[in-house]
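Shown next, in structure tokens, is the structure this report addresses.
The values are calculated or read from the model by the stated rules, or taken from the named source; none is laboratory data. Quick caveat: nothing in here was measured; it's all calculated off a predicted structure. Quick reminder, even Gly has a Cβ in these numbers, built from the backbone with ideal geometry, and neighbours come from all protein chains shown. Calculation scope for accessible area: heavy atoms of the full protein, side chains included, ligands and nucleic acids excluded. Shrake-Rupley method; radii C 1.70, N 1.55, O 1.52, S 1.80 Å.
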Amino acid sequence: MATSNTEEIEEVERNDQDVVNFDEFPPEVLIKHPLQHTWTLWYYEPDRNKTWEESQRKITSFDTAEDFWSLYNHIKAASDLRQGCDYSMFKQGIRPMWEDDANKCGGRWLINLEKKQRNTDLDNFWLEILLCMIGEAFNGYSDDICGAVVNVRTKGDKIGVWTANANNENSVMEIGRKLKERLKIASKVPIGYQIHKDVMVKVGSQTKNAYVV
């Protein structure tokens, strides 16, 4: 019988709690490469019996490059998630929601993918964004990064990169330019930045972009 997403996530949680006998390894194997921040992976799966916030599950946190790869290699790829599910990766202490104090004055660079891109681009884009975040690759503005969310949806998947201050134009624009560069998005293909407060009060299906690169 196929394993459900929830069962696989619970397996990751159990593995993360396993006790390792470090005496079995030579000292050089134990040297890990620390990250500047501790990051937390969240998983969302819709459940009619729970609120949206209750359905957000904190899976595990990590603070070294090796622990990131161990986690990434033991969970489903974003393209394999069920419709309606999300992965979120945020700095420790920040919840993947607009209302969090770290997010409420910010916004997100939003990358919309066509259906066919799930098989060609989604996983590559998501991984590259994660590497940019944990590697502090945003040209001096990485402190303004809160996290990122990937939404797997029937009509088309989305990836959002969240920043702390929507009014800091220099930071927001530099992060947007770096995203396009690292994801190799053609210059003629625009991506937009939406302010969370605008998304919360939007009328209709579209939110106006505050910035575009």
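Table for the structure above
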item: Calculated from backbone phi, Karplus (6.51, -1.76, 1.60) coupling profile of the stretch 108-120 in Hz, x at Gly/Pro; result: 8, 7, 10, 10, 9, 10, 6, 3, 5, 6, 4, 8, 10
item: Largest-first ordering by accessible area, 1.4 Å probe, given options Val201, Val189; result: Val201, Val189
item: Amide proton proximity set for Gly192, modelled H, under 5 Å, gap of 5+; result: Leu110
item: Accessible area in the full protein assembly, largest first, 1.4 Å probe, for Phe138, Phe125; result: Phe125, Phe138
item: Solvent-free Debye scattering, log10 I(q)/I(0), computed from the Cα coordinates of the stretch 111-202 at q = 0.20, 0.22, 0.25 Å⁻¹; result: -1.04, -1.24, -1.48
item: Cα-Cα over 23 Å, subset of Lys158/Lys180; Lys58/Lys158; Lys91/Lys178; Lys104/Lys184; result: Lys104/Lys184
item: Distant-in-sequence amide H partners of Ala166 (H built 1.01 Å from N, under 5 Å); result: Gly106, Gly107
item: Phi to ³J(HN,Hα) by Karplus 6.51 cos²θ - 1.76 cosθ + 1.60 over the stretch 49-59, Hz, x for Gly, Pro; result: 8, 10, 6, 4, 5, 5, 7, 7, 10, 7, 8
item: Residues whose placed amide H lies under 5 Å from that of Cys85, excluding near-sequence neighbours; result: Val152
item: FRET efficiency, 1/(1 + (r/R0)^6) with R0 41 Å, evaluated for Lys208 and Glu54 via beta carbons; result: 0.85
item: DSSP-loop trypsin sites (Lys or Arg not before Pro) across the stretch 54-138, with at most 16 other Cβ within 10 angstrom; result: Lys76, Arg82, Lys104, Lys115, Lys116
item: From phi via Karplus (6.51, -1.76, 1.60), per-residue ³J(HN,Hα) for the stretch 122-138 in Hz, x at Gly/Pro; result: 4, 5, 5, 4, 4, 5, 4, 5, 4, 5, 4, 5, 6, x, 6, 9, 9
item: Rounded percent of accessible protein surface that carbon and sulfur make up, the stretch 117-213, 1.4 Å probe; result: 47 percent
item: Radius of gyration and maximum dimension Dmax of the stretch 133-175, Cα, Å; result: 12.0, 36
item: Pairs of alpha carbons in the stretch 43-170 whose separation is greater than 20 Å (percent); result: 46 percent
